[in-house]
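Taking it in order: structure first as structure tokens, then the write-up.
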Number of protein chains: 2
Amino acid sequence: MRNYSHKILIESIKRLLRRGDTTHLVKIVNKTHVADLAEAFRSLSLSHQRKLFDMISDIEQKGVLFSELDENTFMEFVEKMDLNLVVEVLDHMPTDDVADLVGRLPEDKSASILEKMKKEGSEEVEGLLRYRDDTAGGIMVPDFIALREDITSREAIESLQKEHMDVEMPFYLYVVDEYGKLVGVSSLRQLVVVPPDTTLKDFMITDVIAVKTDVDQEDVAKIVARYDILAVPVVDEYGKLVGIVTVDDVIDIIKKEATEDILKMAGAGGEFVETQSVVRSTRIRLPWLFASCVGGIIAFIIIGRFEESLNKFVYLAAFIPVIMGMGGNIGTQSSTIVVRGLATGRLNVRDIWSVVFKELSIGLILGIVYGALIGVAAQIRYSTVALAISVGVALICSMSIAALLGSMVPMLFARINIDPAVATGPFVTTAIDIISVFFYFTIASTLLGI
Amino acid sequence: MRNYSHKILIESIKRLLRRGDTTHLVKIVNKTHVADLAEAFRSLSLSHQRKLFDMISDIEQKGVLFSELDENTFMEFVEKMDLNLVVEVLDHMPTDDVADLVGRLPEDKSASILEKMKKEGSEEVEGLLRYRDDTAGGIMVPDFIALREDITSREAIESLQKEHMDVEMPFYLYVVDEYGKLVGVSSLRQLVVVPPDTTLKDFMITDVIAVKTDVDQEDVAKIVARYDILAVPVVDEYGKLVGIVTVDDVIDIIKKEATEDILKMAGAGGEFVETQSVVRSTRIRLPWLFASCVGGIIAFIIIGRFEESLNKFVYLAAFIPVIMGMGGNIGTQSSTIVVRGLATGRLNVRDIWSVVFKELSIGLILGIVYGALIGVAAQIRYSTVALAISVGVALICSMSIAALLGSMVPMLFARINIDPAVATGPFVTTAIDIISVFFYFTIASTLLGI
């Protein structure tokens, strides 16, 4: 059975590369699963990557390695590679992966690659390139079994034995009419069970779960996950079957979308940045921090206007952190729950008011609990009832408003089709900071009679 | 083709329930996919849920509905249901789902259910209940095809036609030795391609990807995703094949784990809380806010000790929000990148120092950029060079330390096997708040000569 310790694999490869021990390397490379190899690949230098790549004897393995590389690694890697070898590898890869890779290259490069590729493959790839990357059309593969509705189950079995031995996932047998329109689905099992002379249209399932080419990949993933299917057929605007999206691609989409949401909410870009350089990471993270910097400047302008209050009661300053912190935290809780709820389909935009009301209630309850607590702490420390009440009331306001904004803003963004994950982070956090500070000083100045 | 508008479905069902229009309801219920029905189910009241459930005519559909319900809904739902009906439904469900549901019930209830269930099913369920919920053993199904290594491909095909027609996912044919030990894997396609007299052991793949029963479900999901397989076999401590984990369950795990990580990082509990009551949600979110409340109290004690500085330079208070906010935000970015990187396998605990060093560099660069910016803003507003420098330097310190802590803490937690997502949120945020405030006042008091 397989050994999953990548640490050992990566270290052996590195050691052998340093030593230049090609014999052992070739052995390791060709007995290691290509998915593990791809992982090791990422932590190697470019020149070591090239060496390792040349040692892979199976051209299809080379292809799998290509598809497993992330965008930047792949771009760097093929830049100095012989174009003919690139083309040879691409010719042995599934067309959806080829379209993915070729779509990322500069146009002149991709054009010359497509020209050199085998005609059948390049036509399929060009077909896929017409669709947007993140739609069903962009991620589908043309590897499916389509049978005509008017043939019998015996004819179907015969045709399967002759023609479709190389299909990647032969679980669903799609049934089409004379124009290629998807009209039903069946399975190997059903073919064997029915009498051999039954025509497909008499026993196929007509209620087929399918998606159009322009459906967003996230929705495709949701459908595959929801209905527990291994592949979903993709049809064009006329209902013609043009491809399938398989469950392994769906898994990648689900993981990627979750990662993107998490990173976006933290204002750390959409794609995974850890493999990127310091300069690039800095650039990605700079803008969100700018939003919070502007928020900070507004906060200091606001506090500046309460200079008089601060002069009289200097310890007002001591409660700024707790009021900002508690507001910010409950706001993050609310917005996280809503953004993730929307992404997983547990929450729906139409429920906006019930969700916001619920969050507001929670914010109010928690505000009262912690407002009382901090109020008592303030009273103990400074023995000024008006201050204690100010702090308590400010905390209640800050936490309620934070829960309100934290739940409402992502809902509103989703409603006007702006990605809630991207917008929520900077907007909500900054707004809560400013509002909390403003309320706190206004309440305190009033209650302290300044 | 299917219509995905759940809004319309849910509203029709609600309307018909209010009207008591059973005829139409029965029609809708029995032609709607059970996954869609489960979604509608969640937004109904308990009494309406019961009505709808009774209208489902197919007992297996009832079973699927059971497995689709979330924990709380299911518990409420079966509480007042006739035990015999519950048992009848469970008897028609896949054993892994039954084990999942029965495992959640109070012990007396689950015992009486298992007693009433058909012997074969209840034994399988009890078998599964021995394993922890979140391990390969807890999520596997016993529905697999195992063939002896010494039979020929012809015998294998015959046995498949006779025996295994009801297996859920007949893609992989596992090969076992005389003791049931997993020794290889093959596929339907290979069976057909080789000469009929070849024994399985001569053409099976021996390098099988498999997991032990005690492997964490997250690792099982990673393996299925990594190797693009549709199911992974599960073996016991002796290597005996005891079940498989299928890709549809893996998708659920990946989604659930991502949701859990996101919510935990925001201190909003592990399970999805939106469907829970206000009281329950409040209780789940209270503890994390307590950590941040304690942090706030510490911050006000610290600021209190700098009362003298504040008395002399009251506008010191004005910069508390920006220093806390910027530190908090960059800390969140760092910890989010690390937590998600660890979860997806893009980062590894052994890389701790290179990751931390990189984050520290980013924190330092961004700290210098924004320190300069805010320093200039402070100079413009208050024309006090020492103050401007204090604010700038404090921001650089705060942002560097935040990036350092944000990346190091989750790495350290992961190393000592504490879930980094759970620990990072409260710990990092609170620590950064306190440290930022402390550094700011210390630097400012020194530079302003107090």
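The values are calculated or read from the model by the stated rules, or taken from the named source; none is laboratory data. Everything numeric in this text was worked out from a predicted model, so none of it was measured. Backbone-built Cβ (ideal geometry, glycine too); neighbour counts: all protein chains shown.
Details
- Selection of first residues in region A:218-233 that are farther than 20 Å from A:Ser187 by Cβ and of second residues that are surrounded by 19 or more Cβ atoms within 10 Å (Cβ to Cβ) and acidic (Asp, Glu), restricted to Cβ pairs under 6 Å at least 6 apart or on distinct chains, gives the following pairs, ordered by first then second residue: A:Glu218/A:Glu257.
- Total residues in region A:275-312, condition under 19 Å from A:Ser445 (Cβ atoms), facing another protein chain (nearest Cβ under 7 Å) and not aromatic (Phe, Trp, Tyr): 6
- Here B:Val185 meets the list (1) touching a helix residue (DSSP H, G or I) at 6+ places or on another chain (Cβ under 7 Å); (2) outside any helix (DSSP H, G or I); (3) not hydroxyl-bearing (Ser, Thr, Tyr) almost entirely, failing just condition (1).
- Residues satisfying the stated conditions in region B:145-165, i.e. in a loop (DSSP other than H, G, I, E, B) and closer than 17 Å to A:Leu188 by Cβ: B:His164, B:Met165
- Single residue of B:Gly449, B:Gly363, B:Gly367, B:Gly371 found to be in contact with a Gly (Cβ under 7 Å, 6 or more places away or on another chain) and either farther than 30 Å from B:Val339 by Cα or in the same structural domain as B:Pro287 (by TED's automatic domain parsing) (or both): B:Gly371
- Exactly one residue among A:Val194, A:Val125, A:Val185 is over 23 Å from A:Gly239 (Cβ atoms) and within 14 Å of another protein chain (Cβ to nearest Cβ), and that residue is A:Val194.
- Checked across region A:356-365, the condition of being on the phi > 0 side of the Ramachandran plot, more than 9 Å from chain B (Cβ to nearest Cβ) and surrounded by fewer than 20 Cβ atoms within 10 Å (Cβ to Cβ) holds for no residue.
- The single residue among A:Ser436, A:Ser398 that is over 24 Å from A:Leu263 (Cα atoms) and in contact with a Pro (Cβ under 9 Å, 6 or more places away or on another chain) turns out to be A:Ser436.
- Scanning region B:318-337 for residues that are within 7 Å of chain A (Cβ to nearest Cβ) and hydroxyl-bearing (Ser, Thr, Tyr), we see that the one that is nearest to A:Ala317 (Cα to Cα) is B:Thr332.
- Residue check, B:Tyr238 over 18 Å from B:Pro426 (Cα atoms), out of contact with any Ser or Thr (no Cβ under 6 Å at 6 or more places or on another chain), more than 9 Å from chain A (Cβ to nearest Cβ) and surrounded by fewer than 21 Cβ atoms within 10 Å (Cβ to Cβ): yes
- The single condition from (1) crowded, with 23+ Cβ neighbours inside 10 Å; (2) facing another protein chain (nearest Cβ under 7 Å) that B:Tyr315 fails is (1).
- Looking only at region B:197-215, and only at residues there that are assigned to a loop (DSSP other than H, G, I, E, B) and not hydrophobic (A, V, I, L, M, F, W, C), the one that is farthest from the other protein chains (Cβ to nearest Cβ): B:Asp197
- For the residues A:Arg346, A:Arg340, the requirement of being within 12 Å of chain B (Cβ to nearest Cβ) and touching a Leu at 6+ places or on another chain (Cβ under 8 Å) singles out A:Arg340.
- Look at (1) touching a helix residue (DSSP H, G or I) at 6+ places or on another chain (Cβ under 6 Å); (2) closer than 26 Å to A:Ile253 by Cβ and you find that A:Ile157 fails only one, number (2).
- A search for C-beta distances below 6 Å between a residue of region A:379-394 that is touching a residue at least 40 places away in the same chain (Cβ under 8 Å) and any residue that is part of a helix (DSSP H, G or I) and among the hydroxyl-bearing types (Ser, Thr, Tyr), counting only pairs 6+ apart in sequence or on different chains, returns A:Tyr382/A:Tyr315; A:Ala394/A:Tyr440.
- Meets criteria (more than 8 Å from every other protein chain (Cβ to nearest Cβ) and either farther than 14 Å from A:Asn329 by Cα or touching a residue at least 40 places away in the same chain (Cβ under 8 Å) (or both)) for A:Val376: yes
- Filtered residue count, region A:225-238, keeping only those that are farther than 15 Å from A:Pro142 by Cα and modelled with pLDDT of 90 or more: 2
- Tally of residues being part of a loop (DSSP other than H, G, I, E, B) and more than 22 Å from A:Ala38 (Cβ to Cβ) across region B:216-255: 4
- Look at region B:251-266: where a residue is closer than 23 Å to B:Gly328 by Cβ and at the interface with chain A (Cβ under 7 Å from one of its Cβ atoms) and a partner is assigned to a helix (DSSP H, G or I) and among the aromatic types (Phe, Trp, Tyr), sitting 6+ places away or on another chain with Cβ atoms under 9 Å, you get B:Ala266/B:Trp288.
- Scanning region A:73-102 for residues that are part of a helix (DSSP H, G or I) and surrounded by fewer than 15 Cβ atoms within 10 Å (Cβ to Cβ) yields A:Glu76, A:Glu79, A:Leu83, A:Asn84, A:Leu85.
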